[in-house]
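Q: I'd like to ask some things about the structure below.
The values are calculated or read from the model by the stated rules, or taken from the named source; none is laboratory data. Predicted, not measured: the structure shown is a model, and the values here were computed from it. As a convention, Cβ positions derive from the backbone with ideal geometry for all residues, glycine included, and neighbour counts pool all protein chains shown. All accessible areas refer to the heavy atoms of the entire protein, side chains included, with ligands and DNA or RNA removed. Shrake-Rupley method; radii C 1.70, N 1.55, O 1.52, S 1.80 Å.
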Amino acid sequence: MSKRVTILGSTGSVGTSTVDLILSNPEAYDVQALTAQTNVDRLADQAIQLKAKRAVIGDESHYDALKNRLAGTGIECAAGRAAVIEAASMPTDWTMAAIVGMAGLEPILAAIAQGQCVAIANKEPLVAAGPLVMAAARASGATLLPVDSEHNAVFQVFENENRAGIDRIILTASGGPFRTWTMDQMRAATPAQAVAHPNWTMGAKISVDSASMMNKALEIIEAHYLFAMPPEQIDVLVHPQSVIHSMVEYADGSVLAQLGAPDMRTPIAYTLGWPNRIKTSGQRLDLKTLSRLDFEQIDPVRFPSIPMAYDCLRAGPAHCIAFNAANEVAVAAFLAGRIGFYGIMDAVRYAVERVEKVDMSNLSDVLDFDAAVRDDTTAYMNSHHALKSA
């Protein structure tokens, strides 16, 4: 029987790679729903190619355009945030959760409630609501499959049955476009320079996060929840070649690593085929061409996001929410030219330092606090013009 699948965020970089994989063997999949926020044309094209049952556009102002594009196809159309969450609730065997940022939290929880496989490509919901997401998975029996190349690599070599024998997880980082830049150079960096990743093709937000190493900082928090590892057993190393995607070190001295070409289709395919493996059209790693594999320590002065991530983890969930929420609004401000590159971390630091003890017992608590942090951080950036050159 064909596998029933839904792709949340199908028009982004991860979503389009997922669509490509499914199109390479369309008979094996029955596409239930595709969602996007604003990209009507790509969403409509994908829905037609995949013969999806439903296509949902998050921005309601684009509903008529989507309906017109899909007229006569038999594909059901819907629009709005509630419709996205409803699409995530449709019965499936596998859901790709690739909606960028905290906007993906409620759809992920809706997908998890189905009790099947959910491939998580956006780290922000786990960072900001890790306890809620993991509790929901335990309650429904859903299997969470990490799509991030680093967590996917750990997942592949993490021996759950031998958890007591694991000393540490080692996440690798490419170092991004500013790996060798000085602080003065980074302070003057433009959005175009920040999104020019040397190894990976990604969306603007995650590319900026890679440049600031915030991407890796968020992955530290995500790894803590996904693998139930304490902060002191999660390390990060810069690995410029992006060949070893992460490692697990065991008590006997063995270090198990997952290697692959820097192509997101590989980890996506692993989750799509799990527990089996499927063939893909993605890049293949040619070991004969590898002359060296380099590793470096991260400079915590140039990249303060890394030590801040450990501090937030130890401080508790509210600090993790503030860490993520402030970064999202600060990155958007940087991309719009309203603040400088280091203004991102100044805004994040401001938000984290203002956190007081807050109850985070349910989804409403998380969403309310997240919204408050975003408003406060935005006000801070608007009132501190010096951030423009920070």
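Q: Which one of ARG302, ARG284 is open to solvent by less than 70 Å² (accessible area, probe 1.4 Å) and either of a type in the set (Gly, Ala, Ser) or not in a helix (DSSP H, G or I) (or both)?
A: ARG302
Q: VAL31 versus (1) at positive phi; (2) open to solvent by less than 20 Å² (accessible area, probe 1.4 Å): which is the lone unmet condition?
A: All conditions pass for VAL31, except number (1).
Q: Restricting the search to segment 287-298, which residues are open to solvent by 60 Å² or more (accessible area, probe 1.4 Å) and assigned to a loop (DSSP other than H, G, I, E, B)?
A: Selection gives SER291, ARG292, LEU293, PHE295, GLN297.
Q: Related question: Any idea how many residues of segment 144-160 are out of contact with any Phe, Trp or Tyr (no Cβ under 8 Å at 6 or more places or on another chain) and either assigned to a strand (DSSP E or B) or hydroxyl-bearing (Ser, Thr, Tyr) (or both)?
A: 2
Q: Right, something else. Based on this model, can you work out whether PRO198 counts as modelled with pLDDT under 95, open to solvent by 10 Å² or more (accessible area, probe 1.4 Å) and over 24 Å from ILE99 (Cβ atoms)?
A: Here the answer is yes, as PRO198 does meet what is asked.
Q: How many of the residues in segment 89-121 are open to solvent by 10 Å² or more (accessible area, probe 1.4 Å) and polar (S, T, N, Q)?
A: Counting residues in segment 89-121 that are open to solvent by 10 Å² or more (accessible area, probe 1.4 Å) and polar (S, T, N, Q) gives 3.
Q: Residue pairs, Cβ under 7 Å, 6 or more apart or interchain, first in segment 46-59 and at pLDDT 95 or above, second surrounded by fewer than 20 Cβ atoms within 10 Å (Cβ to Cβ) and of a type in the set (D, E, K, R). List them.
A: LYS53/GLU76; ARG54/GLU76; GLY58/ARG81
Q: Select, from ARG163, ARG179, ARG138, ARG168, the only residue that is more than 16 Å from PRO267 (Cβ to Cβ), in contact with a strand residue (DSSP E or B) (Cβ under 7 Å, 6 or more places away or on another chain), open to solvent by 40 Å² or more (accessible area, probe 1.4 Å) and not in a loop (DSSP other than H, G, I, E, B).
A: From the options ARG163, ARG179, ARG138, ARG168, the qualifying one is ARG168.
Q: Before we move on, is VAL373 open to solvent by less than 50 Å² (accessible area, probe 1.4 Å) and in a helix (DSSP H, G or I)?
A: Against the criterion (open to solvent by less than 50 Å² (accessible area, probe 1.4 Å) and in a helix (DSSP H, G or I)), VAL373 qualifies.
Q: Out of curiosity, is ILE85 out of contact with any His (no Cβ under 9 Å at 6 or more places or on another chain), β-branched (Val, Ile, Thr) and over 22 Å from SER2 (Cα atoms)?
A: Yes.
Q: Among the candidates GLU249, GLU232, single out the residue that is open to solvent by 50 Å² or more (accessible area, probe 1.4 Å), charged (D, E, K, R) and at pLDDT 95 or above.
A: Working: GLU249 fails: open to solvent by 50 Å² or more (accessible area, probe 1.4 Å).
Criteria check complete, one pass: GLU232.
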